[in-house]
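**Student:** This structure is in structure tokens; I'll ask about it shortly.
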């Protein structure tokens, strides 16, 4: 038997701003119902002033070469510094890192004054060893504008484990609250 061939006419894809586009609240509710790991992305300007933000839009991209991606708000204070520096650190938070997640989601002036940090081994960029179970120091491989955010693809240059994940459950965020992965 041969499969039957059908040609169906597909409606055109909706565009942003269309009457068919998903409302912001509905999209926020959809994505909020899918918990994700919480990280703090850090960098520093040429004078060494640290910058950072809380991030749940993070995933691996490639094993060879090792790459990951983070999404940064296009209007945020960290993105231009990160792009100019060409490097950043991803701090994967553990369950006790909630205060760091909240600090880096708040006013920029309070981020590095309330959370302990030290320079990374390879890049010298901020590492949060008390609040993260692991870190990845990265070089920017590519940036891609995407709506009100920019996708930053980083080549992972160095990783460090501060506390084995089996001993410090990763911090998650979803449904407008923090939780931890069961250990």
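**Student:** Which FRET efficiency value, to the nearest 0.05, is calculated for residue 59 and residue 118 with the Förster distance at 22 angstrom and r the Cβ-Cβ distance? Show your work: numbers first, answer last.
**Tutor:** Numbers: r = 26 Å, r/R0 = 1.19.
The value I calculate is 0.25.
**Student:** Taking every pair of alpha-carbon atoms in the range 25-180, what share in percent sits in each 10 Å bin, from 0 to the bin with the longest distance?
**Tutor:** Histogram of Cα-Cα distances, whole percents per bin: 12, 43, 38, 8, 0.
**Student:** Right, another one. Just to verify a number: FRET efficiency for residue 158 and residue 49, C-beta to C-beta distance, R0 = 30 Å, to 0.05? Don't skip to the answer; put the middle values down first.
**Tutor:** On the way: r = 22 Å, r/R0 = 0.73.
Between residue 158 and residue 49 the formula returns 0.85.
**Student:** Using only helices, what value at 222 nm comes out for the chain when you add -39,500 (n - 2.57) per DSSP H run of length 4 or more and divide by the total residues, to the nearest 500 deg cm²/dmol? Spell out each step's value before the answer.
**Tutor:** Values: 4 runs with 29 residues, N = 183.
One gets -4000 deg cm²/dmol as the mean residue ellipticity at 222 nm.
**Student:** At a Förster distance of 22 Å, what's the computed FRET efficiency of residue 108 paired with residue 22, Cβ-Cβ distance as r, to 0.05? Could you put the intermediate results ahead of the total?
**Tutor:** Numbers: r = 30 Å, r/R0 = 1.38.
Approximately 0.15, to the nearest 0.05.
**Student:** Within the range 35-76, list the residues whose amide N lies under 18 Å from a label point set 7 Å along Cα→Cβ of residue 175.
**Tutor:** 35-38
FYI, it's all coordinate maths here, none of it is from the lab. Note that the structure is predicted; figures quoted are calculated from it, not measured. Every residue, glycine among them, receives a Cβ derived from its backbone with ideal geometry; neighbour counts consider all protein chains shown.
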